[in-house]
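Let me begin by presenting the structure, written as structure tokens, before commenting on it.
The values are calculated or read from the model by the stated rules, or taken from the named source; none is laboratory data. Just so it is clear, the structure is predicted and the values come from calculations on it, not from any experiment. Quick reminder, even Gly has a Cβ in these numbers, built from the backbone with ideal geometry, and neighbours come from all protein chains shown. Accessible surface is based on the protein model in full, side chains and every heavy atom, while ligands, DNA and RNA are left aside. Shrake-Rupley method; radii C 1.70, N 1.55, O 1.52, S 1.80 Å.
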Amino acid sequence: MDIKDYISSGIIEAYVMGLASEEEIRILDCIQKNNPEVKQAIIDAQNTLEDFASQQAIAPPPNLKSAIWAKISDDQENPVAVEDIPAAPVAKPLYPAQSTDHSKATLKWFAIAASILLIASASLNLYLNNAQNTIKNQVAALTEAQKDNQLAYQNLKSKWDMASNPQMKSIPLLGVAKHPNMKAMVYLEQKSNNVYLALENLPATAKEQQYQLWAIVNGKPVSLGVYNQDSETAVQKMTAIASAQAFAITLEKRGGSETPTMENMYVMGKI
């Protein structure tokens with residue numbers, strides 16, 4: 001048994017205040033006989049308790065001393081029979097030999113109640129923390145879903161606005177032999193020659209690659225820029241072009257290429 005841990009366990013204070021059990025008293029009496037450190041700890045605790053009692057004591061009224069001496073003088077002149085003097089109540093001692101069963105029971109009940117409250121508080125905190133995390137995750141998921149739905153709606157509306165605009169010409173680009181079922185859409189504004197591109201179902205590219213749009217003008221490919229798949233905008237504005245006969249999309253290195261890589265062509269469509 002570690003003496004320092006034993007001293008700091010609170011048993012010394014319970015012993016001095018008369019709250020220790022009979023078994024704890026017997027053990028402590030035995031230990032203090034053979035361990036001066038424990039005995040000194042008991043003395044220190046007793047002194048601390050007595051100092052506290054002295055500090056909390058109420059000073060007697062200034063005229064009390066005179067009143068006592070007057071009473072003593074009067075009693076000497078008129079002695080009172082001993083049997084007539086009421087016995088003063090015996091003050092309860094501070095030390096463990098006089099501890100009551102009621103005090104012990106009260107302390108045990110307080111300890112049990114404190115333990116129950118501690119367990120209940122910890123359980124409630126754990127429950128509230130888990131509930132808060134669950135709600136936080138649900139809110140985050142709903143927020144993300146709402147954002148995705150809003151974005152999908154905006155992109156769909158953009159395509160609808162392009163397709164329903166009489167000034168726009170919709171040009172479908174269909175998959176070539178190596179990439180069947182692929183599709184993209186080019187929207188050509190006839191007055192301004194502005195070009196807009198939507199990839200539709202083309203697969204996502206690697207980070208070091210991008211899709212590049214080409215216009216075929218007089219049989220020669222002209223770059224209209226690369227499509228930014230990191231953007232949340234599905235319909236993106238490309239470089240304006242006049243007199244184009246067809247459009248095609250190839251997969252190139254990030255940033256684009258000066259000439260199209262024909263073996264990496266995905267879709268193509270004539271005007």
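Quick look at the numbers
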quantity: 1.4 Å probe accessible area per residue over segment 138-271, in Å²; calculated: 59 Å²
quantity: Under 5 Å, built H, 5+ apart or other chain: amide partners of E200; calculated: M185
quantity: Length released on extending from A140 to K178, taking residue separation times 0.36 nm less the Cα-Cα span; calculated: 9.6 nm
quantity: Cβ-based net charge around E200, under 12 Å, with every Lys or Arg adding one and every Asp or Glu removing one; calculated: +2
